[in-house]
Amino acid sequence: MTTANTVTVNDLEVFADRLDPKRAADIYKEHGALVVRGLMSPYIERIRQDIELAAKEALALYDKAVKTPEGWVTPDHTLWIPAPKGFSRDKQIMVLACGYKNSAAAFMSALDKKCLDIVEGILGADVELFMDGQCLYKEPVGGHAKNLHQDVAYFEHRYEGPVGVLNYCVDTDLNNGALHVIPGTHRLGVLDHIDTSSHLGLDEHEWPWERALPITGKAGDAIFFHVKTVHGSKSNFSKASRPVMIHRYRAANDYVVVTATSVDKRKASAAAMEQAKKENQQGFIVRGRRAFDVDRANAPA
């Protein structure tokens with residue numbers, strides 16, 4: 001297994017202005033991670049504007065937050081979690097309500113040709129979007145850390161699972177929450193996760209930050225990561241927000257079999273794994289086509 005001790009950021013990175021999609025896909029397949037410098041630069045200023053407008057809307061709805069098992073949700077569907085000690089209020093934004101359904105810039109960036117060329121090289125000819133875009137938002141001066149984890153703990157798929165593409169919306173360094181990855185961990189299968197302050201994560205004694213490779217970058221840089229690659233990000237200690245926009249893509253015939261945000265929910269969902277296909281999951285096709293599936297066509301919505 002490769003690790004951050006032997007793999008450097010230079011081993012993972014390519015550049016959008018001289019992109020070889022096949023080489024990029026090969027890097028991803030080998031390491032479970034890929035960095036494409038400048039991939040989202042054409043879209044990022046508008047995405048950032050939309051994100052900050054959404055943050056203002058969410059903050060205006062703060063008093064209307066409703067408790068849920070994952071934290072609190074405001075009427076715009078922003079997810080809030082407990083704020084750290086010394087924060088200006090008791091809740092902080094975790095997942096901001098900004099994605100394909102309220103930001104054209106976010107949606108258009110998910111259709112970027114160079115991005116899809118890489119994804120097709122990884123997943124094959126028929127590719128669909130999974131989810132509606134996700135904005136993880138670290139507020140200034142203490143915004144939440146996301147413990148090292150695998151995304152497969154949250155949404156395990158029947159086949160390969162989704163390719164995640166995390167896009168920096170601001171210049172991002174070790175002070176404001178750069179993404180950390182552990183190359184090669186996509187080969188380890190599904191690891192045991194525990195409940196943490198930011199939902200499912202790995203035991204920090206077994207998976208300390210020192211094992212992970214930090215990836216700093218400029219606004220517009222994109223980090224591709226396998227659904228089983230261990231990754232996470234520390235708190236934002238800067239005086240400005242640190243948002244990212246995440247796109248996820250999967251093969252058109254793939255689907256979720258286990259979904260959860262806690263250990264108990266994961267156990268319950270895993271017990272019903274064989275019923276998952278009946279949910280008739282489908283996303284927007286962004287490459288190729290969707291072959292007709294009789295079983296899915298007859299499954300209840």
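When segment 27-36 is filtered for residues that are buried (at least 16 other Cβ atoms within 10 Å of the Cβ) and not in a loop (DSSP other than H, G, I, E, B), the ones remaining, listed by number, are ILE27, TYR28, GLU30, HIS31, ALA33, LEU34, VAL35, VAL36.
Can you confirm whether GLY161 is within 18 Å of VAL256 (Cβ to Cβ), over 15 Å from the mean Cα position of the chain (by Cα) and of a type in the set (Gly, Ala, Ser)? No.
Each residue in segment 179-231 was checked for being of a type in the set (D, E, K, R), farther than 19 Å from VAL163 by Cα and part of a helix (DSSP H, G or I), and 2 pass. When SER109 is tested against (1) modelled with pLDDT under 95; (2) crowded, with 18+ Cβ neighbours inside 10 Å, exactly one condition is not met: (1). In the set (1) free of Cβ contacts under 8 Å to residues at least 60 places away in the same chain; (2) closer than 21 Å to GLY143 by Cα, the condition left unmet by LEU200 is number (1). Screening ASN175 on (1) of a type outside the set (Val, Ile, Thr); (2) within 23 Å of ILE118 (Cβ to Cβ); (3) in contact (Cβ under 8 Å) with a residue 60 or more places away in the chain shows it passes everything except condition (2). Restrict the check to segment 149-156 and report whether at least one residue is of a type in the set (Ser, Thr, Tyr) and either farther than 30 Å from GLU204 by Cα or not in a strand (DSSP E or B) (or both). Scanning segment 149-156 turns up at least one residue that is of a type in the set (Ser, Thr, Tyr) and either farther than 30 Å from GLU204 by Cα or not in a strand (DSSP E or B) (or both). Being in contact with an Asp or Glu (Cβ under 9 Å, 6 or more places away or on another chain), under 24 Å from GLY99 (Cβ atoms) and at pLDDT 95 or above is a description that does not apply to ALA65. Only a single item in (1) within 22 Å of HIS226 (Cβ to Cβ); (2) in contact with a Gly (Cβ under 6 Å, 6 or more places away or on another chain); (3) not aliphatic (A, V, I, L, M) is not met by ASN10, and it is number (2).
Taken as a whole, the structure places CYS115 among residues that are buried (at least 19 other Cβ atoms within 10 Å of the Cβ), modelled with pLDDT of 95 or more and not in a strand (DSSP E or B).
For VAL258, the conditions (1) surrounded by fewer than 22 Cβ atoms within 10 Å (Cβ to Cβ); (2) β-branched (Val, Ile, Thr); (3) modelled with pLDDT under 95 are fulfilled apart from (1). Screening ILE122 with (1) in contact (Cβ under 8 Å) with a residue 60 or more places away in the chain; (2) not in a helix (DSSP H, G or I) gives one miss only, at (2).
For segment 143-183, taking the residues that are surrounded by fewer than 18 Cβ atoms within 10 Å (Cβ to Cβ) and touching a Phe, Trp or Tyr at 6+ places or on another chain (Cβ under 7 Å), the one that is farthest from GLU13 (Cα to Cα) is identified as ARG158.
The rows are residues; the columns are (1) surrounded by fewer than 15 Cβ atoms within 10 Å (Cβ to Cβ); (2) modelled with pLDDT under 95.
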| site | (1), (2) |
| --- | --- |
| ASP20 | yes, no |
| ALA25 | no, no |
| LEU39 | no, no |
| TYR43 | no, no |
| GLY71 | no, no |
| THR74 | no, no |
| LYS85 | yes, yes |
| ARG89 | yes, yes |
| ILE93 | no, no |
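Selection of segment 135-148 for residues being in a strand (DSSP E or B) and not hydroxyl-bearing (Ser, Thr, Tyr) yields CYS135, LEU136, LYS138, GLY143, LYS146, ASN147, LEU148. Selection within segment 74-90: residues that are over 18 Å from GLU52 (Cα atoms) and in a strand (DSSP E or B). The member of this set that is farthest from the chain's Cα centre (by Cα) is PRO82. Checked against (1) more than 23 Å from ALA33 (Cα to Cα); (2) not in a helix (DSSP H, G or I); (3) not charged (D, E, K, R), ALA105 meets all criteria but (2).
The values are calculated or read from the model by the stated rules, or taken from the named source; none is laboratory data. A quick note: this is a predicted structure, and the numbers were derived from the prediction, not measured. Here Cβ is always computed from backbone atoms with ideal geometry, including for glycine, and neighbour counts include all displayed protein chains.
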